[in-house]
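Notes to accompany the following structure.
The values are calculated or read from the model by the stated rules, or taken from the named source; none is laboratory data. What you see is a predicted model; the values in this text were computed from it and never measured. Glycine gets a Cβ as well: all are built from the backbone with ideal geometry, and neighbour counts include every protein chain shown. Quick note on the areas: whole protein, heavy atoms, side chains included, nothing else; ligands and nucleic acids left out. Shrake-Rupley method; radii C 1.70, N 1.55, O 1.52, S 1.80 Å.
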Amino acid sequence: MAITYDDVKIGDTIPTYTSAPITRTHLVRYAGASGDFNPLHHDESFIKMIGMDNVIAHGILIMGIAGEAITSWIDQRNLRSFNARFLSMTEPADLNDMEHTTGRATITISGKIVKKYEENGEKRIKCDIVAKDALGSRKLAGFFIAALP
Amino acid sequence: MADRSKLGMEFPAYTMTVEKSKIAEFAVAVGLKDDKAQIDPIYYDEEAAKRAGYEGIPVPPTFMTSFFFWTGEGLMGIVKALGIDLSKLLHSEEEYEFLGNIYAGDVITRKMKVAEMFERGKRDRLGRFVDVTILETEIINQRGELVAKVRSTMMER
């Protein structure tokens, strides 16, 4: 059943969405799918050259995971805008040390409805969203606006 | 540091077809899946999309990013054109405004310009100013309809 405007109220949370642990393979797949081939996301020699410790996930991949959280809750045609500010870097899990690195690479998306209003003849909601890793570090904060039936 | 003379610059408009298989590939990628059998069939099966009420196979919300990179040598082309140092580049904010729907087979024209360039007033931890560049992109379909607007904020550390 589609979520309707009357089903939700300010302060309600959307279902929490937790990703699989991000691996380097996921980053390579996303690079190919999106065309974002910044070597920051896959090339360890570039990482060393710029003095960082590890490749990091594309900020916009984390936003894509947030997009998954949204579209698993509402029909994506209802989406009117989607904003994300990238707050911290996400290092992928190391396959040879999953025990200690899964937490930093596992993303949970949560969201809370902050506004209900009418605009352009539509009933709209604004929902703030946050992405955090399993260690509690905030990766992204933003919002989406959706029109609900 | 980004080349300030590029403020207001428009990148060459670019037209591309939204390929069906590219949508599935993207949906698998943002779902952190291994195979399209693990994603929502609306992203690869037209019948499933129609049953769900879509006119065709839709694109995931952040698919817009691929319009950004599929031309002009992708990211490297953009960075070079703006005089940004790739080793210092960070994507700091992204915003989409959805004005219509995009489906597999649509022919999209991407128009992108340098909307803002400024030095953020606050210094970073190392006492340096941070250079900010904001790109605004319009996504227009084959019927001339503006279907999405994208605002991308990039920083140089």
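What percent does the relative contact order of chain A come to when contacts are Cα pairs within less than 8 Å and at least six residues apart?
30 percent
Taking 45 Å as R0, compute the FRET efficiency from the Cβ-Cβ separation of B:Gln142 and A:Lys48 and round it to 0.05.
E between B:Gln142 and A:Lys48, to the nearest 0.05, is 0.50.
For the stretch B:1-92, what is the accessible area per residue in Å², given a 1.4 Å probe and the full set of protein chains?
Here the residues of the stretch B:1-92 average 46 Å² of exposed surface.
Please give me the summed charge of the neighbours of B:Trp70: other residues whose Cβ is under 11 Å from its Cβ, Lys and Arg +1, Asp and Glu -1.
Cβ neighbours under 11 Å give a net charge of -1.
With a 1.4 Å probe and all protein chains left in place, how much of the accessible area of the protein assembly as shown comes from carbon and sulfur atoms, in whole percent?
Of the solvent-accessible surface of the protein assembly as shown, carbon and sulfur hold 49 percent.
Which of the peptides A:15-28, A:96-109 is most tightly packed, and how do the rest follow, going by the mean number of other Cβ atoms within 10 Å of each residue?
Top of the packing list down: A:15-28, A:96-109.
What number do you get for chain B when its Cα radius of gyration is normalised by 2.2 N^0.38 Å, N = residues?
Taking the Cα Rg and dividing by 2.2 N^0.38 Å, one obtains 1.17.
Using alpha carbons only, how many angstrom separate the centre of the stretch B:136-155 from the centre of the stretch A:1-48?
One Cα centre to the other: 21 Å.
Do the sum for chain A: with -39,500 (n - 2.57) for every DSSP H run of n ≥ 4, divided by all residues, what is the mean residue ellipticity at 222 nm, to the nearest 500 deg cm²/dmol?
Using -39500 (n - 2.57) per qualifying helix, the result is -7500 deg cm²/dmol.
What number do you get for the stretch A:1-133 when its Cα radius of gyration is normalised by 2.2 N^0.38 Å, N = residues?
1.23
Relative to the first principal axis of the alpha-carbon coordinates of chain B, what is the inclination of helix B:20-30, with its axis defined by its Cα atoms, in degrees from 0 to 90 and to the nearest 10?
Orientation of helix B:20-30: about 60 degrees from the principal axis.
Hey, what do the phi angles of the stretch B:140-157 turn into as Karplus ³J(HN,Hα) couplings, whole Hz, using 6.51/-1.76/1.60 and θ = phi - 60°, x for Gly and Pro?
10, 8, 5, 9, x, 7, 6, 9, 7, 10, 10, 10, 10, 10, 10, 10, 10, 5
So, in Å, what gap is there between the alpha-carbon centers of the stretch A:108-135 and the stretch B:53-96?
First find each Cα centre; the distance between them is then 24 Å.
Just subtract the alpha-carbon distance of B:Ala13 and B:Glu73 from 0.36 nm times their residue separation and send over the number in nm, one decimal.
Once the chain is fully extended between B:Ala13 and B:Glu73, it gains 20.2 nm.
Which peptide among B:25-38, A:111-124 comes first, and what is the full order, when sorted by highest mean count of other Cβ atoms within 10 Å?
Per-residue mean Cβ counts within 10 Å order the peptides as B:25-38, A:111-124.
Alpha carbons only, please: Rg and Dmax for the protein assembly as shown, in angstrom.
Spelled out, the Cα radius of gyration and Dmax of the protein assembly as shown are 19.0, 57 Å.
Please give the total accessible area that chains A and B bury against each other, computed with a 1.4 Å probe and expressed in Å² to the nearest 100.
Protein heavy atoms only, the A-B interface buries about 3200 Å².
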